[in-house]
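Take a look at the structure below.
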Amino acid sequence: MKTLKGGAMNSNLLLEIYNKQAKMIYFYLKKNGCSHEDAEDIVQESYAKFIAYSSGVPSEKALSYIFTIAMNEFKKVLKKKGTERAISIDDIRFWNNFANDHDTELSVLTTEKNHEIALILECIQEIYKQLLLLKYELELSYKEIALLLGMKEETIRTYLFRARKEFQKKWRDLHE
């Protein structure tokens, strides 16, 4: 097990982590309603804090440590701005489809469905919401989610199963 030491940190390891994972964290923040500028700042700040405070963090936990820092920074930004979190359901794809869609009724129904999905996501546990977004919106594998959150892959599978069940129950309740 490699441990990252503050002064003798392997810069190649940090660069590899940054190149592979910074975009994932950035897109996750964007999906949770973070602005482009704030998401970039949060990712940069998270890595800076990781470099400054990572002494003794095992290398296999580096990503989950950075992700946790990013989530805490995001919460601080929301608190400072006094804004609510707004989940974004595939905005770019939606607007591209909307611009090319000749069926206005279908566009309205799609908008309503996205709104209902966002409402349900706001009503479920934070960890379940986080897992559903990582799996189905960012299309990460169980292994990638486990690495990102610093959890066992089997735990991710179990939590995602529970998250899907809770989402399905709330969806049925909404439509009955």
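Within segment 160-176, track down each residue that is part of a helix (DSSP H, G or I), charged (D, E, K, R) and farther than 25 Å from K61 by Cβ.
R164, K165, E166, K169, K170, R172, D173
List the number of the failed condition for R157; all other conditions in (1) crowded, with 18+ Cβ neighbours inside 10 Å; (2) assigned to a helix (DSSP H, G or I) hold.
Single failed check for R157: (1).
Go through segment 7-59 residue by residue and tally those that are closer than 29 Å to L132 by Cβ, modelled with pLDDT of 80 or more and among the β-branched types (V, I, T).
Here the count works out to 3.
For residues that are in a helix (DSSP H, G or I) and small (G, A, S), scanning just segment 115-154, find the one that is farthest from K23 (Cα to Cα).
Of everything passing the filter in segment 115-154, A118 is farthest from K23 (Cα to Cα).
For (1) surrounded by 15 or more Cβ atoms within 10 Å (Cβ to Cβ); (2) β-branched (V, I, T); (3) within 21 Å of I25 (Cα to Cα); (4) touching a residue at least 60 places away in the same chain (Cβ under 8 Å), each residue gets a yes or a no:
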| residue | (1), (2), (3), (4) |
| --- | --- |
| L121 | yes, no, yes, no |
| E126 | no, no, yes, no |
| L134 | yes, no, yes, yes |
| M151 | yes, no, yes, yes |
| E166 | yes, no, no, no |
| W171 | no, no, no, no |
| H175 | no, no, no, no |
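If you scan segment 29-52, which residues turn out to be in contact (Cβ under 8 Å) with a residue 24 or more places away in the chain and more than 30 Å from E122 (Cα to Cα)?
I51, A52 - these are the residues of segment 29-52 that are in contact (Cβ under 8 Å) with a residue 24 or more places away in the chain and more than 30 Å from E122 (Cα to Cα).
The values are calculated or read from the model by the stated rules, or taken from the named source; none is laboratory data. In this text the structure is predicted, and so the values were computed from the model without any measurement. Note that each Cβ is placed from the backbone with ideal geometry, even for glycine, and that neighbours are counted across all protein chains shown.
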